[in-house]
Amino acid sequence: MLKDHSKHPTRRSFYAVLIQLLGATAAAVIAVPAAVFLLFKPKSPGAGAMVEIADLADLETGVPQEVVYYRTRVDAWKATKEKTTAWVVKNGPQSAVAFSPQCPHLGCIYHWEDDLTAFKCPCHASAFGLDGKVLAGPAPRPLDRYVSRVEGGKLLIGLQVKRS
Amino acid sequence: MGNGVRDWLEERTGLPSAIRHFLDEDIPASAGWPQVLGSVALFAFLIQAATGVLLALNYGPTPTEAHASIRYIMTELSAGPMIRGLHHWGASCMIVVVALHMMQVFVWGAYKKPREATWIAGCALLLVTLAFGLTGYLLPWDNKAYWGTTVTTQIVGLAPGVGVYLKRLLGAENDSIGTLTFARFYSAHVVVLPIATLLLIGLHLYLVRRHGVTPAAEDAGKPTKKFYPEQMFKDSVATFCYVLVLVLFANFAKLGLGSLADPTDTRYIPRPEWYFLFLFETLKLLQGPLEVLGAVVLPNLGILALLLVPFLDRGRAIRVRQRTVAIALTAFAVIGWAGLTEGALATTPPSMEDPDAGLRPPQPWRELPPEQLAAIGYFERDNCARCHVLGRSVSGPDLAKDPSAKPADWLLDHFTKPSLEAPNSRLTAAQKKSLVTLVTKRDDRALDAWENPPEEAIAGAMLYDARGCGFCHTLNGSGAKMAPILNGLAARRTRTWVAQHFADPPKLSPNSEMPAYKFNPQDLKAITDYVMAIPK
C-alpha cells in the first residue's frame, strides 16, 4: 500500500506480508467463532414431544372445532407452559387435521364462519376451506398444519408446523 | 485499479494519507520489543469489546434472566463456550498486559516531562480496566458472583463519610445486593465504562503521538527510525502471541458456571477475582480498627502515589540499567503483590461446590419432598400407568392435566382396589397417603418428575421413605428437626463419609442418636446418590 522508497525493497515487503498474515490470522481466530456463534442454529433440547389435544369421538366430521390446550414452549433460555389454540377438523373416523391458528399471510388470528362455510381472516379478508386451501384473499399458501397423529382415538400434535 | 480506489478515498476522506502519516511516525533508535505492550493492551481491549458485544446479544440482563441465559450460551449456542472463554480469560489476560505495560513505562521512566498527562491518562485506564473486571464479575449471578460482590460493596461502605453515598451509587444501600445493584453494575459495564475507556484511549493515544515514544538516554544524537515496518511487525508478533495464548486458555482452561445465586446461603465462602486477592489478604491482615486502613487508606494512597510518579521523579533521563530505584520499587511491588495473593490462595478452603452446577438444566425433582418423589415410585410399582397415562386419557383420566378433585377416602379405596381386573395394591397405608398427596396437590415440579421419572433418584427416595429418615431429618422442607437438615449435604461431606456414617453413626458423629442402617451395596448407592443430589 505504501510507496516503496527504502533501500531494501524485498525486506520491506517481507515485513508487509508478515504483518498482513499475522493480522489476518488473529482476526480470523476471533471472527470465525464469532460467525459460528451468531449464525449456527441453537441446539434445542427435546422440544419434540407430542401433546394430546382432542378426542375424535367428541368431534363431528367436517365441523371445525377451536381447541384450547397447554403446551411447553422453549423460548431461548426459558421454558414456559402456555395456553394456546388450534383449529381441529375431523375428516374421517380415525383422521383429523389441526391447523395453526395464525393466518399464513401475516399471522393474524382467523375464525370459522358458519354462514360462509369457510375460515375467514379479519385482517385482509383471506378465506380458507375445510381442507385449508385458499379460497380468496392475499394468503400465499394454504393454512399451516401441526405435525400430528391419531393414537387410540385421540389427536396428538407437535410444536412443529408443516407449511403446505 | 488499487491506485484509483486509493485516490478516490484520499480525495474524499483523506484516510490513506492519514494511515501513511500514522505508519510514518518517527520513533527513537532504541525503540523495540519493550514498546509493544501498549499496542497489545489496546488489542486486548478490542477483543473484550467484540466478545462482550457477542455475549450481550444472547444475555438476559436482569437477576432473573442472567444465569439461565449464560447456561443457554454455554450449552445451546455453537461456539458459546469459546466466546465466553475468550471474554472471561481475556479479562484476566488484559489486566496482566496492562500491568506489564505500566511496569515497562515506569522502569523506562517514560512518564517524565512532558509526558505527565499521558501517564495520568494511563493510570485512569488502569482503574477503568479494574472496574471492568469488578463489574463483570457480578454478571453471571451465581453464588461466586453474588457473594463476592456483597463483600466488595461492604468494603466500599467502609470509606469514612462518603461510604454511604458510594454504596448508594453502587445500588447496594442496605446490607445485601439485589436488582438495583445488578442494574448499576451492568450499565456501568456496558455503557459507562466503555465510553470512558474510548475517551481515555483516544486521549492517551493522542498524547503518546504528540510527544512521541520516549527516547532513551543513549538515543541522543542518533537518527530516528520509522514505525513501519519493523516496529509494526514487532507489535503484530506480540499481539498474535497474545491472541494465541488467549485462544489456548479459551479452548483448554475449564470455565464452568456455579449454581444460581442464593441469598440465603450464608455458608458460601466469598472470594474476589484473582487480581483482587492481594487486597482481600490485606484486609485479613488489618482487622478490627485497622480495617479502614486496609480497605480505604492504603489503596487510595497507592493510587495517589501512582498518579504522582511523574512529579516525584523529575530527574533527567538515564539509562534503564541505571534506574535502580525504579527497578527495586517494581520488584518490591511484584513480590509484595505475589506474596499477598499466595497468602490469600493458601487460606482459601478447597471448594466442594460442583463447578458445573449451573450448567445442568434445572431438575425439579431435586426440590421435591422425598415422599412425593417416592410416590412417583409407588405409582410405577403399582402399575397405575395401565390406566393412567400422563398426557392422554386412556381408561382413567389424564392425571397430568388437572389435579384430582376426589376426596382422600375415595382415593385410598381406589388405590387399594383400583378396578375389578386389577390386583390389590401392595402399598402400605403411609405410602398410599403419599400417593394421595401426589395426585391431589402436585405442583409443576412434581409433574415434571412424574413425566420424566429419574429412576435412580426415585429408588433413593423410596428407600428414604421406607427407612423413615424423615422421622428425624428434614429434606426439602419435609420431615422433623431433630437431626441435621440434609439439603446441601454434598457441599459438607464426601460420599465415603456418608456411606460409613450409615454403618456406624456415633463413630463419625459423636453424641449421635442415629441408629445404624444396613444397606445392600445397590441400595446404599441409591440412597447416597439421592441425598447427595439435593442442593441447599
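The values are calculated or read from the model by the stated rules, or taken from the named source; none is laboratory data. Worth saying up front: this structure is predicted, and the values here are computed from it rather than measured. All Cβ positions, even for glycine, are placed from backbone atoms using ideal geometry, and neighbour counts span all protein chains on display.
Quick notes
- The single residue among B:A408, B:A422, B:A400 that is touching a helix residue (DSSP H, G or I) at 6+ places or on another chain (Cβ under 8 Å), small (G, A, S), within 14 Å of another protein chain (Cβ to nearest Cβ) and free of Cβ contacts under 8 Å to residues at least 60 places away in the same chain turns out to be B:A400.
- Flag for B:L427 being farther than 26 Å from B:P535 by Cβ and either assigned to a helix (DSSP H, G or I) or at pLDDT 85 or above (or both): no
- Check on B:G38, closer than 30 Å to B:G171 by Cβ and either at the interface with another protein chain (Cβ under 9 Å from one of its Cβ atoms) or out of contact with any Leu (no Cβ under 6 Å at 6 or more places or on another chain) (or both): no
- Boolean, B:K406 is of a type in the set (K, R), in a loop (DSSP other than H, G, I, E, B) and surrounded by 13 or more Cβ atoms within 10 Å (Cβ to Cβ): yes
- Residues satisfying the stated conditions in the stretch B:77-104, i.e. among the hydrophobic types (A, V, I, L, M, F, W, C), facing chain A (nearest Cβ under 9 Å) and either closer than 23 Å to B:L193 by Cα or surrounded by fewer than 19 Cβ atoms within 10 Å (Cβ to Cβ) (or both): B:I83, B:L86
- Out of B:V96, B:V107, one residue alone is out of contact with any helix residue (DSSP H, G or I) (no Cβ under 8 Å at 6 or more places or on another chain) and under 30 Å from B:A326 (Cα atoms). It is B:V96.
- The stretch A:122-145, subset in contact with a Phe, Trp or Tyr (Cβ under 8 Å, 6 or more places away or on another chain) and not in a loop (DSSP other than H, G, I, E, B), residue surrounded by the fewest Cβ atoms within 10 Å (Cβ to Cβ): A:L135
- In the stretch B:42-67, the residues that are farther than 14 Å from B:L138 by Cα, within 10 Å of another protein chain (Cβ to nearest Cβ) and touching a residue at least 40 places away in the same chain (Cβ under 8 Å): B:F43, B:I47
- Restricting A:G46, A:G23 to residues that are within 14 Å of chain B (Cβ to nearest Cβ) and either touching an Asp or Glu at 6+ places or on another chain (Cβ under 9 Å) or modelled with pLDDT of 80 or more (or both) narrows the list to A:G23.
- Members of the stretch B:126-183 that are small (G, A, S) and loosely packed, with under 15 Cβ neighbours inside 10 Å: B:G161, B:S176, B:A183
- Within the stretch B:397-420, tally of residues that are within 11 Å of B:V439 (Cβ to Cβ), at pLDDT below 85 and of a type outside the set (A, V, I, L, M, F, W, C): 4
- Taking the conditions (1) touching a strand residue (DSSP E or B) at 6+ places or on another chain (Cβ under 8 Å); (2) modelled with pLDDT of 80 or more; (3) at the interface with another protein chain (Cβ under 8 Å from one of its Cβ atoms) in turn, A:A34 satisfies each one other than (1).
- Among the candidates B:G294, B:G302, residue that is assigned to a helix (DSSP H, G or I), closer than 25 Å to B:P34 by Cβ and not assigned by TED's automatic domain parsing to the domain that holds B:F182: B:G302
- Which numbered condition A:A118 fails, given (1) away from every other protein chain (no Cβ under 14 Å); (2) exposed (fewer than 13 other Cβ atoms within 10 Å of the Cβ): (2)
- Residue selected from the stretch B:230-262 under the condition surrounded by 14 or more Cβ atoms within 10 Å (Cβ to Cβ) and in a loop (DSSP other than H, G, I, E, B), by the criterion farthest from the other protein chains (Cβ to nearest Cβ): B:D262
- Residue match in the stretch A:52-62 (condition: free of Cβ contacts under 8 Å to residues at least 40 places away in the same chain, assigned to a loop (DSSP other than H, G, I, E, B) and more than 14 Å from chain B (Cβ to nearest Cβ)): yes
- Residue in the stretch B:69-76 that is charged (D, E, K, R), in contact with a Phe, Trp or Tyr (Cβ under 7 Å, 6 or more places away or on another chain), within 14 Å of another protein chain (Cβ to nearest Cβ) and farther than 18 Å from B:P194 by Cα present: yes
- Residue check, A:R71 surrounded by 15 or more Cβ atoms within 10 Å (Cβ to Cβ), touching a Gly at 6+ places or on another chain (Cβ under 8 Å) and in the same structural domain as A:A57 (by TED's automatic domain parsing): no
- Identity of the residue in the stretch B:197-229, at pLDDT 95 or above, more than 26 Å from the chain's Cα centre (by Cα) and over 24 Å from B:V320 (Cβ atoms), that ends up nearest to the other protein chains (Cβ to nearest Cβ): B:I201
- Some residue of the stretch B:350-368 being more than 14 Å from chain A (Cβ to nearest Cβ), modelled with pLDDT under 85 and more than 43 Å from the chain's Cα centre (by Cα): no
- Of all residues in the stretch B:495-536 being in contact with a Pro (Cβ under 7 Å, 6 or more places away or on another chain) and hydrophobic (A, V, I, L, M, F, W, C), the one that is surrounded by the fewest Cβ atoms within 10 Å (Cβ to Cβ): B:A516
- Cβ-Cβ under 7 Å pairs, at least 6 apart or on other chains, the stretch B:469-495 side among the charged types (D, E, K, R), far side surrounded by 14 or more Cβ atoms within 10 Å (Cβ to Cβ): B:K481/B:T474; B:R495/B:T528; B:R495/B:M532
- Restricting the stretch B:36-62 to residues that are touching a helix residue (DSSP H, G or I) at 6+ places or on another chain (Cβ under 8 Å) and either of a type in the set (V, I, T) or at pLDDT below 95 (or both) leaves a set whose member that is surrounded by the fewest Cβ atoms within 10 Å (Cβ to Cβ) is B:T62.
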